[in-house]
Amino acid sequence: MKKIRNVGAFVLAFSTGFAAMNAFAAGDEDFTPAQQARIGKIAADYLVAHPEVLIEVSQKLQAQQAERKAGALTNAALHGHRLLMQLDGVPVKGPANAKVIVTEFFDYECSACSMMAPNMEQVMARNPDVRFAFRDWTIFASRFPESTQASRRGLDIWRQKGADAYMAYHNGIYHVYPVAQNEGKLTGADIEKVAKSAGAAAEDAGKRDQSDQLIAGNDALAQMLGLEGTPGIIVMPAEGPTAKNTTVIPGVVSADVMQQAIDRAAGK
């Protein structure tokens, strides 16, 4: 997918330059068709001799596209702020009166989420005054049913035992396999082993519908926010969010990058 985008940027860059040359030529009636063709050939020869120009233009276009996408995600988060703050049934860790809320959309079968998990643990340890919300988004469920099974179990543990047991389970799932081997490897036996290690009792199967409704709500919210995959992380103040103090992170980042986003949200 990345290669396709790069090719698209290359074509766009060349087309933009070529269109500009044509517009310049069309504005001067003294240029004959032959002269216009010659100008085009000179420009093409120059680009062949100096491909770094195309690379630079392509990079600038990609940066502009990334900036526009980031802006769109931030605006969506601002519009969805009220919904993000509705945390009934959502596993959370941190004080209810926290000034900063970190929301992670995740899937237990996601290798990128597995990579992010230790970074999130570090950030949580550094910021006991921040509230962290974990929204199950089972985007891998159609391929791996354990995605839904693990989410149901985690939500049941949250209802049974609260935040500490839930975090032990949540992080424990990501510790089962090395990061590179995580996707699609989780088994029902793994899930139950981690649940028992977290001190959970048997799952209350009668509340699975409650879990499924929450997961479906998370899916609808993630799509409304324009997220394209997991992990999807939103860092914003509980009150008074703006484009300057809200950060949307569509993927894996370091603990330091997360900390910078938290500091912005806190007004530091």
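The values are calculated or read from the model by the stated rules, or taken from the named source; none is laboratory data. As the structure is a prediction and not an experimental result, all values here were calculated from the model. When we count neighbours, we look across all protein chains shown, and the Cβ atoms used for this are built from the backbone with ideal geometry, even at glycine.
Take the residues of the stretch 195-217 that are of a type in the set (Gly, Ala, Ser) and touching a residue at least 40 places away in the same chain (Cβ under 8 Å): which is nearest to Ile157 (Cα to Cα)?
Looking at the filtered set, the residue picked out is Ala200.
Find the residue count for the stretch 105-161, including only residues that are under 18 Å from the mean Cα position of the chain (by Cα), within 15 Å of His175 (Cβ to Cβ) and either polar (S, T, N, Q) or not assigned by TED's automatic domain parsing to the domain that holds Asp209 (or both).
3
Taking Glu192 as the residue in question, decide whether it is of a type in the set (D, E, K, R) and in contact (Cβ under 8 Å) with a residue 40 or more places away in the chain.
For Glu192, the condition - of a type in the set (D, E, K, R) and in contact (Cβ under 8 Å) with a residue 40 or more places away in the chain - is not met.
Among what's in the stretch 80-89 and is touching a helix residue (DSSP H, G or I) at 6+ places or on another chain (Cβ under 7 Å) and part of a loop (DSSP other than H, G, I, E, B), pick the residue that is surrounded by the fewest Cβ atoms within 10 Å (Cβ to Cβ).
Among those residues, the one meeting the criterion is Gly89.
Quick check, is Gly229 free of Cβ contacts under 8 Å to residues at least 12 places away in the same chain, of a type outside the set (A, V, I, L, M, F, W, C) and not in a helix (DSSP H, G or I)?
No: the conditions fail for Gly229.
May I ask you to list the residues in the stretch 133-191 that are basic (Lys, Arg) and under 23 Å from Glu228 (Cβ atoms)?
Matches in the stretch 133-191: Arg135, Arg143.
Looking for whichever is touching a Leu at 6+ places or on another chain (Cβ under 8 Å) and either more than 27 Å from Ala238 (Cβ to Cβ) or at pLDDT below 95 (or both) here; the options are Glu192, Glu109. Which one fits?
Matching residue, one of Glu192, Glu109: Glu109.
Anything in the stretch 232-268 that is assigned to a strand (DSSP E or B) and in contact with a Lys or Arg (Cβ under 8 Å, 6 or more places away or on another chain)? List them, or say none.
Val235, Pro237, Thr247
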